[in-house]
Amino acid sequence: MKKVLVILLIFAVTISCREDKKSELETTQEHQNVLAEDGKTAKQSDGLIAIQGDFIYYADAAVLKTPTRMYGVVINDKMHDLQKQVKAYKKEDTDMVPVTIRGRMFKKDSNEEGWEDLIEIKEILKVSAPDPDANDVIKIGNK
């Protein structure tokens with residue numbers, strides 16, 4: 001009889017602990033929903049990521065260069081909006097401008113040309129002026 005009572009007690013404690021974890025998970029999910037309704041972009045579960053890099057659009061090709069990787073940018077309305085904002089900071093068509101965007105990353109199809117890693121811009125967060133002291137341009141020609 002004592003063994004049955006001990007087993008029931010252990011079973012009751014186990015179930016009560018399991019319900020507490022479930023309620024904590026529900027509370028966390030409700031908190032995340034509140035953040036998403038406020039319009040905050042950080043740490044949403046929408047599959048988009050924020051990325052910072054240098055953007056260039058030239059001759060029907062758009063590229064986002066980060067310190068570790070280069071991404072082909074999907075040409076769509078948001079990319080054209082970004083190009084309009086970037087134009088104000090360019091001195092020449094080949095200048096790259098620092099930007100921060102949110103987007104969806106994916107790999108290109110094997111039968112397509114272009115960069116292996118692609119990004120589709122969903123939101124433009126920031127466009128900055130290029131560093132005038134950066135000496136990363138090589139020009140060939142006579143002075």
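The values are calculated or read from the model by the stated rules, or taken from the named source; none is laboratory data. Because the structure is predicted, anything quoted here is derived from the model rather than measured. Don't worry about glycine lacking a Cβ; one is built from the backbone with ideal geometry, like all the others, and counts go over all protein chains shown.
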Task: Which listed residue is in contact with a strand residue (DSSP E or B) (Cβ under 8 Å, 6 or more places away or on another chain) and at positive phi, from Gly103, Gly114 - done: Gly114
Task: Top-ranked residue in the range 75-99 [being exposed (fewer than 15 other Cβ atoms within 10 Å of the Cβ) and acidic (Asp, Glu); ranked as farthest from the chain's Cα centre (by Cα)] - done: Glu92
Task: Inter-residue pairs, beta-carbon under 6 Å, first within 9 Å of Thr100 (Cα to Cα) and among the hydrophobic types (A, V, I, L, M, F, W, C) and in the range 43-61, second surrounded by 13 or more Cβ atoms within 10 Å (Cβ to Cβ) and modelled with pLDDT of 85 or more, 6+ apart - done: Ala50/Arg102
- [ ] Tell me, yes or no, whether the range 47-54 has at least one residue that is at pLDDT below 90, under 26 Å from Ser128 (Cβ atoms) and not β-branched (Val, Ile, Thr).
- [x] yes
